[in-house]
Amino acid sequence: MKSNLIARLGNIGIYVLTDLGRMALFLLKSFRGTFRRPFRLQELVRQVHFIGAGSLAVIFFTALSTGMVLGLQGYYSLNKFGAEGMLGSAVSLTLIMELGPVLTALMVAGRAGSAMCAEIGIMKISEQIDALDCMAIDPFRYLITPKFLAMLISMPLLTAFFDVVGIAGGYMAGVGLMDVSPGSYIQGMTTSVTNHDIQLGVVKSFVFALLVVWICSGRGYFVREIRGAGFGAESVSRVTTQAVVLSSISVLVFDYLLTAVLL
């Protein structure tokens, strides 16, 4: 009984280490494709449009509702201490340093990351990627690298858009509904937000973009090697779910780590 348990734990440990090694090599090969010609600029633009422009609607409504909720709850909390004038500072710092990068990454992982994983997974099980190898076409340069670069370009821009819309939503709730002074809201925001706060949000957005595209595309690429994924369409659906869950958890974990290190 004990020997079976030890063997099972050993197999799990070997599988985890093998999977980590696979994913690390996948990341290196994806970045190596950035420096190999010919560059696929048209595909890069298409991916930027899919990830960036295609996510604007969900980012807009998420940011607007988040900013308005922060405006209402922030006013409720600050009103207890007679500090309603600090509402602009509280909303802007919370969005720029924390909620903006995190919620943007989660929304993009759910929308674009899942689509990437499913697309690559279907190409893998239908042997389209093997066909690229047979034609001496590097699948990383042709297929994976444009997705990496597009995500690294789109995520910071979407995060900035989220911050602007969220701050506007907080203004609407605080000034329009709670009669906070417009001048105090804007002054609190401009005097409290520093370059360091903005840089922290930018760094988080880049790291989250790398995590999302790495995990989602990697899970799809290794759909055959993942334990318990099954076969055919079932394997793609399970791997896609796993990719979204893993990327979301990674975003939350690295959010704490980056805040602890860089704050």
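No value in this document is a laboratory result; all are computed from the given coordinates. No experiment lies behind these values; they were computed from the predicted model shown. In this analysis, Cβ positions are derived from the backbone assuming ideal geometry, glycine residues included, and neighbour counts consider all displayed protein chains.
Details
- Counting only alpha carbon atoms, the long axis of helix 56-79 and the longest principal axis of the chain meet at about 40°.
- Protection proxy ranking, highest mean first, for peptides 193-200, 99-106, 45-52: 99-106, 45-52, 193-200, where packing is the per-residue count of other beta-carbon atoms within 10 Å, averaged.
- Taking the longest Cα principal axis of the chain as reference, the axis of helix 195-221 is set at about 30 degrees.
- Spatially proximal aspartates and glutamates relative to Lys204 (Cα-Cα < 15 Å; intrachain offsets below 8 disregarded): Glu98, Asp163, Asp255
- Computed from label points 7 Å out along Cα-Cβ, the spacing between Ala57 and Arg22 is 3.5 nm.
- Max mean-square fluctuation residue, GNM over the chain, Cα-Cα springs under 10 Å, options Thr159, Thr18, Thr241: Thr18
- Dipole of the chain computed with +1 at Lys/Arg Cβ and -1 at Asp/Glu Cβ about the Cα centre; of Leu177, Leu93, Met189, farthest Cα towards the positive end is Leu93.
- The equivalent ellipsoid of the chain has semi-axes of 41, 22, 15 Å, largest first, where each one is the square root of 5 times an eigenvalue of the Cα gyration tensor.
- Gain upon complete extension [Lys80, Phe206; 0.36 nm per residue less C-alpha separation]: 41.6 nm
- Between helix 2-32 and the chain there is an angle of about 80 degrees, using the helix long axis and the longest principal axis of the Cα atoms.
- Per residue, the average separation of C-alpha pairs within less than 8 Å and at least 6 apart gives region 42-262 a relative contact order of 36 percent.
- Projected label distance in nm at Thr34 and Val261, using a 7 Å step from Cα toward the beta-carbon: 1.7
- Protection proxy ranking of 119-127, 252-260 - average other beta-carbon atoms within 10 Å, highest first: 119-127, 252-260
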